[in-house]
Amino acid sequence: MKQFTSVSDVKDIDALVNSAKKLKADPLAFKTLGQDKTLVLLFFNPSLRTRLSTQKAGMNLGMSVITMNAGQGWQLEFEDGAVMNTDKAEHIKEAAAVISQYADIIGIRTFPSLTDRDKDYQDFIIHNFIRYAAVPVVSLESAIRHPLQSLADVLTIEEWKKTEKPKVVLSWAPHPRTLPQAVSNSFAEWMMAMDYDLTITHPAGYDLHPSFTQGAKITNDQKAAFEGADFIYTKNWSTYEPYGQILSQDENWQITADKMALTNLGCFMHCLPVRRNVIVADAVIDSPQSLVIEQSNNRTYAAQAVLREMLEQRF
Ligand code: SN0
C-alpha cells in the first residue's frame, strides 16, 4: 500500500480488517517490524484520538514516531508555478521531499476550507503531499475522507454485529459549528464496500456527494430509518450544495432514547468528539448500547494494520 486515503486504496478489505482483529488480540506480535523506521505525523488541524492512536500504533510496531503541529509556523504554497512573494514561505515540492528524508511513512491531517468546494473535493493538500513525497502517505483525515476512522468503525461493527448483513443507519444530527463531510463520506463508502445494508437519513438539503452514497437508501424520515436498525452511526455535517452551510439546527434530530427504542436493540456509534445533549442525549451515549469508547480503542488497531501493510511493502 503506497497510500491510504480511501477505501479504494485497499486491495483486500477483508484481509485488512482481519489483520486489525489479529493485532487487537496481540498488539505486540510485530513489535520489531518497524525497528529503525520513522513515522512522521503532521497535523494541520487539531486531533486527540487520531494523534494518540496512530502514535500508539507506530510504537506497537517498534517505529520511532515524530509528531508535529503543522501550519503554526510558515504557510505552505501548493500551486504549481506560484510566484512566492506573499505570505507562503515554502513550496510543497520541497516540504514533502524534505520530510521524506526523515520519514519512512508520513501521516497528514488536513480539514477542508468549506469555502472552495472544487479544491476541497480534489483533496488538494493530501494529493500534493502524495505527489511530492518519496515515501507512503497515510491520511489522518483529509478534506473529504477519514479512512482510519472508517476502518476502525468497520472493525467495531464486525465485532458487534448479530447478523451477516447488519442494518446500519448514518444519521445527521445538529451541531453549532460548520463541520466537514469527511467522516460521513468515508463511512458511507466503507459501509458500501462491506456490503452492509446502509440507510442515510438527514434533513432536506443535506445530501452528500452521490459518489459516496450510491447504492445507499436515503431518507429525510429519521424515525422510519431507525426501524429495525442494528447500528446508529451519528454525525453532523455541513451541506455539500450549497457548499459548507448550516441549513438546520433542528434539535428534533438529536439521538434520544425514544429513537433508539425503535431500533433492533441497536448500538450507538460516533467518531468523537461529540457534543452531548446536542448530537446525542446523555442517556444514549452513557448506555450499554454506546460503542464510542470501543470505536476509539479500535483506532489503534486500524492504524496498526495500515502501517503494518506499508512496512511489509505489500503493494
Ligand atoms: C471533526 C469533523 O470532521 O467533524 C473531526 C472528527 C473526527 N470534528 C470536529 O471538528 C468537531 C469540533 C466541535 O466543535 O465539536
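The values are calculated or read from the model by the stated rules, or taken from the named source; none is laboratory data. Computed from a predicted structure; not experimentally measured. Note that we place each Cβ from the backbone using ideal geometry, even for glycine, and neighbour counts take in every protein chain shown. Calculation scope for accessible area: heavy atoms of the full protein, side chains included, ligands and nucleic acids excluded. Shrake-Rupley method; radii C 1.70, N 1.55, O 1.52, S 1.80 Å.
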- Per-residue ellipticity at 222 nm for the chain, helices alone: DSSP H runs ≥ 4 residues times -39500 (n - 2.57), over residue total, nearest 500 deg cm²/dmol? -10500 deg cm²/dmol
- Task: With +1 on each Lys and Arg Cβ and -1 on each Asp and Glu Cβ, and nothing else charged, work out how big the dipole of the chain is about its Cα centre, in Debye to the nearest 20.
- Result: 680 debye
- Within 10 Å, count the other beta carbons around each residue, average over each peptide in 146-153, 2-9, and list them highest first. 146-153, 2-9
- Dimensionless Rg ratio for the stretch 211-293, taking C-alpha atoms and the 2.2 N^0.38 Å reference: 1.12
- Query: Mind checking Rg over Rh on the stretch 121-271, alpha carbons, Kirkwood formula for Rh?
  - Reply: 0.98
- For the stretch 205-253, give the magnitude of the charge dipole about the Cα centre (Cβ charges: +1 Lys/Arg, -1 Asp/Glu; no others), in debye to the nearest 20. 120 debye
- Task: Please give the net charge around P203, taking every other residue with its beta carbon less than 14 angstrom from that of P203, where Lys and Arg add +1 and Asp and Glu add -1.
- Result: -3
- Message: So with the 1.4 Å probe, I'd like the accessible area per residue for the stretch 10-70, rounded to whole Å².
- Response: 52 Å²
- Query: Between Q249 and K11, what FRET efficiency follows from the Cβ-Cβ distance if R0 is 30 Å, with the result rounded to 0.05?
  - Reply: 0.10
- What's the tally of Lys pairs in the stretch 1-132 whose alpha-carbon atoms lie under 28 angstrom apart, where the two lysines are 8 or more places apart or on different chains? 29
- So, counting K/R as plus one and D/E as minus one, what does the shell of residues with Cβ under 11 Å around F43 add up to? +1
- Mind checking the stretch 135-174 for GluC sites (Glu not before Pro) that DSSP puts in a loop (not H, G, I, E or B) and that have at most 12 other Cβ atoms within 10 Å? E164
- Message: How far apart, in nanometres, would the label points at E312 and W74 be if each is projected 7 angstrom from Cα along the Cα-to-Cβ direction?
- Response: 4.1 nm
- Query: What is the set of long-range amide H partners of S290 at a cut-off below 5 Å, with H atoms built 1.01 Å from backbone N?
  - Reply: F268
- To the nearest 10 degrees, how steeply does helix 147-160 sit against the main Cα axis of the chain, on a 0 to 90 scale? 40 degrees
- Item | Relative contact order for the stretch 166-313, counting Cα pairs under 8 Å that sit 6 or more residues apart, in percent | 26 percent
- Whenever you get a sec, compute what percent of the accessible area on the chain sits on carbon and sulfur atoms (1.4 Å probe). 50 percent
- Note on the structure: Dividing the alpha-carbon radius of gyration of the stretch 74-196 by 2.2 N^0.38 Å, where N counts its residues, gives 1.29
- Pseudo-spin-label distance A204 to K217, built 7 Å along Cα→Cβ, given in nm, is 2.1 nm
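Keeping all protein chains in place, calculate the accessible area per residue for the stretch 211-301 (probe 1.4 angstrom), answer in Å².
Heavy-atom accessible area per residue stands at 45 Å².
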- Task: Take K223, K24, K259 and sort them by solvent-accessible surface of the protein heavy atoms, 1.4 Å probe, largest at the top.
- Result: K223, K24, K259
- Task: Quick one: dipole size for the stretch 1-147, taken about the Cα centre, charges +1 on Lys/Arg Cβ and -1 on Asp/Glu Cβ, in debye to the nearest 20.
- Result: 700 debye
- For the stretch 210-282, calculate the relative contact order in percent as a whole number, restricting contacts to Cα pairs under 8 Å that are 6 or more residues apart. 39 percent
- Task: Would you please state the base-10 log of I(q)/I(0) at q = 0.09, 0.12 1/Å for the chain, with intensities from the Debye formula using one equal scatterer on every alpha carbon?
- Result: -0.45, -0.80
- Task: Grab the other residues whose beta carbon is less than 15 angstrom from that of V98, score K and R as +1, D and E as -1, and report the net.
- Result: -2
- Computed over the stretch 5-116, the Cα gyration tensor eigenvalues, each multiplied by 5 and square-rooted, give semi-axes in Å (largest first) of 31, 17, 13
- Which of the peptides 200-210, 297-307 is most tightly packed, and how do the rest follow, going by the mean number of other Cβ atoms within 10 Å of each residue? 297-307, 200-210
- Looking at L23, A281, G228, which one has the Cα that reaches farthest to the positive end of the dipole of the chain (charges on Cβ: Lys, Arg +1; Asp, Glu -1)? L23
- Item | In degrees, nearest ten, helix 92-102 long axis to first principal axis of the chain (Cα) | 80 degrees
- Message: Need the C-alpha centroid separation for the stretch 122-157 versus the stretch 223-259, integer Å.
- Response: 25 Å
- Query: Rolling a 1.4 angstrom probe over the protein heavy atoms, how many square angstrom per residue are accessible across the stretch 128-188?
  - Reply: 26 Å²
